[in-house]
Ligand code: AMP
């Protein structure tokens, strides 16, 4: 047993005040739902629909971070043999009531749901693990060699209280493995996401806990309930209800008073059955082996009904080892989920979901500099005839495989050259009225500023040669 388990951390979460009803003050309603995207006021008298609160546009400037994350995910998924899968956004309400749980905040308060024209109760998915389990059953994947491993990416919807890093539409990347209860699977998923985040520049710490099996939890729940009954006057109204229905939920509450009461609550690790304890120890040993930093958090239970045994959360840490305000991911083992949806009894599973907005935010906060793809040639043109001829020349370039950009919509040569500079190209081609008449193109070396007039019909061969020489001199390209 790694001795870390004997030293549980009792760090109290920075309290976040949660309001009973998700209702925005008027002045907040008028503001952008994303503090990073301030709304530009319109001239008086004009009305353009604004974004719904808690929804945001992902603007072109930010896309590079998303691309970095997607590419790293794809490459990690390939390495660890997780296959891509996509699910519909709309699912039957029943899917989440049966899995996430009727008494969870997600189902009780945060569902975007409606009755469709055929009278079916449908919801915009609040998460995707339940969809993954449904797909595993629907497509008979239990007949495939196990474990079956998926990864996915896409938007989820929760009518949550919006704040920095918390939106009503948010994107997740998920990895799920069905059909194996081996602790190496839990460990592999954790090691993989840890490495994924590390490759894009994020240092993280994993908070680990085990919540045992349904059976082993019973005695703990009774103990927990009697502890909280003695503190009834210190907990919020929601928690008083939770105390009657599901006392484990009390540990999830973020209200200040409840967080303080939680600090002295009994710890589930003391109540684990032997098998769950061994399972957990094995995972910790694997993590030790792989050098993944983790902290035990004996009060971590996570907000969904379907977890058993392993639960974990991923937190970014800064240079001083301080934890961020929000978890960037979380997951765990869900050995009963497939059965809960009518699949084969005892089908095990384990997975993780990462919040993409929070990762992008962390990348920006850490000033991780994304390196844009290198472009070699910029094509500038002036006047209508140059634009017409230019279209054809540009297409020739594209087909030749030379990386090239243009700005057919942009006016002055100055603006176009500025863009070329921003892209860091090696050469800019300039085509004006005169060059069209002469059948020539000006080639400007961006490094030296030297310009040369060349035969337009030979431009591809000329540029191939010039690029070969220039790249031979520039070791960074
Ligand atoms: P969950 O599905 O609640 O286990 O959340 C997994 C991860 O998704 C979290 O750690 C967050 O990074 C992200 N996440 C969950 N809810 C939101 C939200 N409302 N806005 C942004 N990210 C979220």
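A compact table of results
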| item | result |
| --- | --- |
| Fraction of beta bridges assigned by DSSP in the range 377-473 that are antiparallel (%, nearest 5) | 55 |
| Stokes-Einstein D in µm²/s, Kirkwood radius over Cα pairs - the range 287-357 at 37 °C with 0.692 mPa s viscosity | 235 |
| Mean shadow area of the range 164-249, taken as a quarter of the surface of its Cα convex hull (nm²) | 9.1 |
| Taking the range 121-221 and dividing mean pair separation by its residue count, relative contact order in percent (alpha carbons under 8 Å, at least six apart) | 21 |
| Rg(Cα)/(2.2 N^0.38 Å) for the range 177-218, N = residue count | 1.49 |
| More than 20 Å apart - percent of Cα-Cα pairs taken over the range 59-209 | 58 |
| Efficiency of FRET from Cβ geometry, residue 203 and residue 78, R₀ 22 Å, rounded to 0.05 | 0.40 |
| Calculated over the range 3-365: convex hull of Cα atoms, volume per residue (Å³) | 157 |
| Rough spin-label spacing in nm, given labels placed 7 Å along Cα→Cβ, for residue 114 and residue 391 | 4.1 |
| Modelled FRET efficiency - R0 45 Å, residue 229 with residue 164, Cβ distances, 0.05 increments | 0.80 |
| Virtual spin-label span in nm between residue 285 and residue 447, 7 Å along Cα→Cβ | 5.7 |
| Gained length - residue 102 relative to residue 144, 0.36 nm times residue gap less alpha-carbon distance | 11.9 nm |
| Rel. contact order, % - alpha carbon contacts under 8 angstrom, at least six apart, the chain | 15 |
| Relative packing of 262-275, 243-256, which averages over residues the other C-beta atoms within 10 Å, highest first | 243-256, 262-275 |
| Part-to-part distance (alpha-carbon centres) for the range 46-99 and the range 401-417, which is given in Å | 32 |
| Beta bridges per DSSP with both ends in the chain, % antiparallel, nearest 5 | 80 |
| Spatial extent of the range 377-473: Rg and Dmax, with the Cα atoms as the point set, Å | 12.2, 36 |
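Read-outs: derived from the displayed coordinates by stated rules, not from any lab. Remember, predicted model here, so these are calculated numbers, not experimental data. Glycine also receives a Cβ, built like all others from the backbone with ideal geometry; neighbour counts cover every protein chain displayed.
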